[in-house]
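Since every read-out is calculated from the coordinates, none of them should be taken as a lab result. Small disclaimer: the values here were computed from a predicted structure and weren't measured. Every residue, glycine as well, gets a Cβ built from its backbone with ideal geometry; the counts of neighbours run over all protein chains shown.
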Amino acid sequence: MADPASVEPPARHASPSNGSISHRSSFAENMRHSPRSQRHPSFTQAAVQELINHPPAPRTGDPRFAGRDWRQIHLGELVQRSAVRWAELDTAVEKATHELVEGGSPNVILLREHATDTTVCGTFDYNDLNAYLLVVVGLAHPDEDQLELFSALAKKTREGTQIPLRDIQDLAKKAPLVTLSEREDLSKAIEIFGSGVHRILVCKQDTTEVVGILSQLTLVKFLWDNGSSFPSIDQLYPMILRDLNIGTLQTISINGDRLLMDALQLMSHEGLTSVAVVDNALNVVGNISTADVKLLTTTSSLPLLKSSCIHFISVILSERGIGDGKDSFPVFHVTPYSSLAHTVAKLVATRAHRMWVVEAASPSPSAPATPLATPSLTHAVISPPQPGSSPASPALTSGFPAVSASALPGARISGRLTGVITLTDILNLFARQSGLNPLSPNDSRSRRRRSSSSSMRPSIDSASRSSIDLRR
């Protein structure tokens, strides 16, 4: 899960602290019972919602880009060589995992044959780590041509032998590496990103030497922060998602009562970086991403695989100390009536790749499209295990209370899942608005899922449709 934003999206260049968010929530709660709440407000709720949906643009962006056509800005101006992290193919997975977790954004390590090489021959990211984890704990089901590889990895794991990155390069299905020269302009990059590619390796001109990594999120944040310098894009921000007709109704979610290992298998099979966690009424109650696998990299944390998705969400929130130690749900949802500005601000603040689209409580601008405060996990009913069920291990019985998805106030947390909007959708919109011709995002989704590993299908098919919802 990406770093969460708790309530309304920040204005550009703003970084709201958890303390200030808690203060605003407490102030709103106190005012609800104040005599002043009976007075006619001088600032209407409709006006407040308008400000939330349409955050004010900054007065100035980065002066380096003021007055320039964004399509002619060079890729080399947006990347930094210091963000490129390398590992050799013979580096142990454990060491590479530590560097991946500690290094942070852009959440990828480039691989090379020798330490002196500057040409990339592969990558190691959280999708690879997820696939590797599923293999070593015995949750992957290899295809016939993978049996020998999986057996060798299992044997090395049992013997405590270090496994090099070279041995796991074929576990996760990957799209081909995309490279561009540092002298290429952003119009080329946005057309590629809008077609479904998630990252571009930027090379020194006329060489294969990698000098930077440009991600979809980096580009979306750049265009957001400097929107006032790019009128053709900035004019789109006030429009609502319904009118822009972007995103897809095809969503993949998992019930909060399902085990975490089911969610990891689902993401691996579908080639996803995150999946929505829903209650029994398909209300979004959380989000699990492949980046959250970093919480499962120690032996002591492996029992979490047999905990529920809801419990794992509480672990994620606890690790990040959301709301100064108070449980709360990060805002990973928007509605069809949310503006593009509202949506992009949330994506930038949470560093997420997608926002879940939920049913709006009311299309009226006088009613907030998303809740201004969210209940905590402590409001949910702690329920005993289902009759006839038995815990997988004693550790699960004593350590993981069962929070039932049926007990969560999902409708108050967000709303019923109806679609999803991704960074690809947004960059595709920007590309088309600028006269470019990217491929359809839905076509790229179909290709990705066709190329994803079929080794997880037995586990997915064995789950009930009420637990794993594939909304096509």
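What the table shows:
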{"quantity": "Full-stretch length increase - Q169, T297 - with 0.36 nm per residue and alpha-carbon distance subtracted", "calculated": "44.2 nm"}
{"quantity": "Estimated FRET transfer efficiency when R0 is 25 angstrom, pair N437-L249 (beta carbons, to 0.05)", "calculated": "0.55"}
{"quantity": "FRET efficiency for K188 and L149, using Cβ-Cβ distance with R0 set to 35 Å, rounded to 0.05", "calculated": "0.45"}
{"quantity": "Alpha-carbon radius of gyration plus Dmax, which is the widest Cα pair, for region 195-259 in Å", "calculated": "17.7, 53"}
{"quantity": "Calculated FRET value between E88 and E319, using beta carbons and R₀ = 25 Å, to 0.05", "calculated": "0.25"}
{"quantity": "Long-range amide H partners of M239 with built H, under 5 Å", "calculated": "L340, A341"}
{"quantity": "Extension gain (nm, one decimal) between H114 and K306, 0.36 nm per residue minus Cα-Cα", "calculated": "65.2 nm"}
{"quantity": "Interchain or long-range residues, amide H under 5 Å from V211's placed H", "calculated": "V202, C203, K204"}
